[in-house]
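First the structure, in the form of structure tokens, and then the observations on it.
Taken together, the values in this text are just the output of simple stated rules run on the coordinates, not laboratory data. Values in this document were obtained by computation on a predicted structure and should not be read as measured data. Here the Cβ is made from the backbone with ideal geometry for all residues, glycine too, and neighbour counts use every protein chain on show.
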Amino acid sequence: MSRGGTDPSEGDLILRPEMIVQEIEPFGPLSVFIIDDFLLRNKCYLDYCQGGNSMAYSNWKGLMKPRMLILAKSVQPEWDFIKLHETREYNKMDREGWPYPKAHRYANVGEKEARDDPSKLAALLDAELDILNSPRQSKFSGVAKIIRKPA
């Protein structure tokens, strides 16, 4: 059992069925689950706070889907702020290959902007949803393809 650490990608974490409270409406292509954060902290990951995503928690076993967000049951009034944070983090890790710490700091900036002025929240969420729904570009799309003939 992993009992903490500053990077959620460290350790072998197991998201057990009893930790899932419910699956709610997806956010674009991302599945969204509400989890029992008290149980998760006690049984699996001590440092878990409010949310997570399948890029940051890519080593989690169990019920993880390839593209998902998780939200803590205990902070329901803050779910949209957490969804913004997790989606910004997910997009940077998924689309640009950023490491978790860098993506997390970036996500904090957007979350703080929305918390400072909640009237910006919807537009910030829409911008992240646009990224989620945009076509994926290969990192090598601008590089000419080299074809080698067999020797």
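Here are some notes:
- Taking 15 Å as the cut-off, the amide N atoms of the range 81-95 that come nearer than this to a point 7 Å along the Cα-to-beta-carbon line of N108 belong to 85-86, 89.
- Positive-pole candidate from T87, G110, Y100, dipole of the range 75-116, charges at beta carbon: Y100
- Each of P26, I70, N42 was scored by the projection of its Cα onto the charge dipole of the range 14-133, and the greatest displacement toward the positive side belongs to N42; charges sit on the C-beta of Lys, Arg, Asp and Glu.
- This ranking places C49, C44 by how few other beta-carbon atoms lie within 10 Å of each, fewest first, which gives C49, C44.
- Taking all Cα pairs closer than 8 Å and separated by 6 or more residues, the relative contact order of the range 14-133 comes to 23 percent.
- Bridge type composition, the range 14-133 - antiparallel percent by DSSP, nearest 5: 55
- The distance between label points at S119 and C49 comes to 2.7 nm (points 7 Å beyond Cα on the Cα→Cβ vector).
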